[in-house]
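Chemist: Take a look at the following structure, please.
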Amino acid sequence: MRINRILYIVVAHILYLMVSQRWKHSNTTVYNLGYHLIWCPKYRRKILIGEIEIHLKQLLREKAKEIEVEIIEMEILPDHVHLFVKGRPINSPHWIVQQFKGYTSRILRKEHASLRSRLPTLWTRSYYVESVGHISEQTIRKYIEEQKNK
């Protein structure tokens, strides 16, 4: 009997850890908000290489920590940035991108003269965002449809 109780407690703890990694929570909200973000340098110039690439990654991590956004994956290519981030419900994807682009542009242009001479601004005004979730759109539609039948 005691072994079963210990096993139950261990399994419950493992399940709690698995669930707590998937969902975040505040006082009034449980959420799992992920965004795939992509943006490019002005004129799609291939400038995100070498020292600039390394510095950009460092700056993105710093800003993410400051604004409480979790970077799950990051890839910097010579002419664009890919990020998969998880954020809070109070932070729109647009705000997150603005924070990243504004912060990195200001510091990179200040510390790398080559960026100031080649580009009027570091980033284009546009970006791509797609919400990423654990549950598919089709599953959500079906769930909502079936609510009337309960």
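Here's the yes/no breakdown for (1) without any contact (Cβ under 8 Å) to a residue 24 or more places away in the chain; (2) basic (K, R):
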{"site": "Y31", "(1), (2)": "no, no"}
{"site": "I38", "(1), (2)": "no, no"}
{"site": "Y43", "(1), (2)": "no, no"}
{"site": "I54", "(1), (2)": "yes, no"}
{"site": "L60", "(1), (2)": "no, no"}
{"site": "K63", "(1), (2)": "no, yes"}
{"site": "V85", "(1), (2)": "no, no"}
{"site": "P93", "(1), (2)": "no, no"}
{"site": "V97", "(1), (2)": "no, no"}
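Chemist: Moving on. Considering only helices (runs of 4 or more DSSP H) fully contained in the stretch 67-150, which possess at least 3 residues that are under 16 Å from P41 (Cβ atoms) and at pLDDT below 95?
Modeler: Once the helices (runs of 4 or more DSSP H) in the stretch 67-150 are filtered for at least 3 residues that are under 16 Å from P41 (Cβ atoms) and at pLDDT below 95, what remains is 113-118.
Chemist: Mind checking which residues of the stretch 92-105 are out of contact with any Lys or Arg (no Cβ under 9 Å at 6 or more places or on another chain) and within 13 Å of I52 (Cα to Cα)?
Modeler: If the condition is that a residue be out of contact with any Lys or Arg (no Cβ under 9 Å at 6 or more places or on another chain) and within 13 Å of I52 (Cα to Cα), then S105 is the only one that fits.
Chemist: For the stretch 21-40, which residues satisfy the criterion of being over 21 Å from H94 (Cβ atoms) and assigned to a strand (DSSP E or B)?
Modeler: H25, V30
Chemist: Right, another one. Taking the stretch 41-55 as the region of interest, how many residues are in a loop (DSSP other than H, G, I, E, B), surrounded by 12 or more Cβ atoms within 10 Å (Cβ to Cβ) and among the basic types (K, R)?
Modeler: Matching residues across the stretch 41-55 total 1.
Chemist: Just the residues that are within 12 Å of the chain's Cα centre (by Cα) and in contact (Cβ under 8 Å) with a residue 40 or more places away in the chain, please, taken from the stretch 65-80.
Modeler: none
The values are calculated or read from the model by the stated rules, or taken from the named source; none is laboratory data. It should be emphasised that the depicted structure is a prediction, and the values quoted were computed from it without experimental measurement. When we count neighbours, we look across all protein chains shown, and the Cβ atoms used for this are built from the backbone with ideal geometry, even at glycine.
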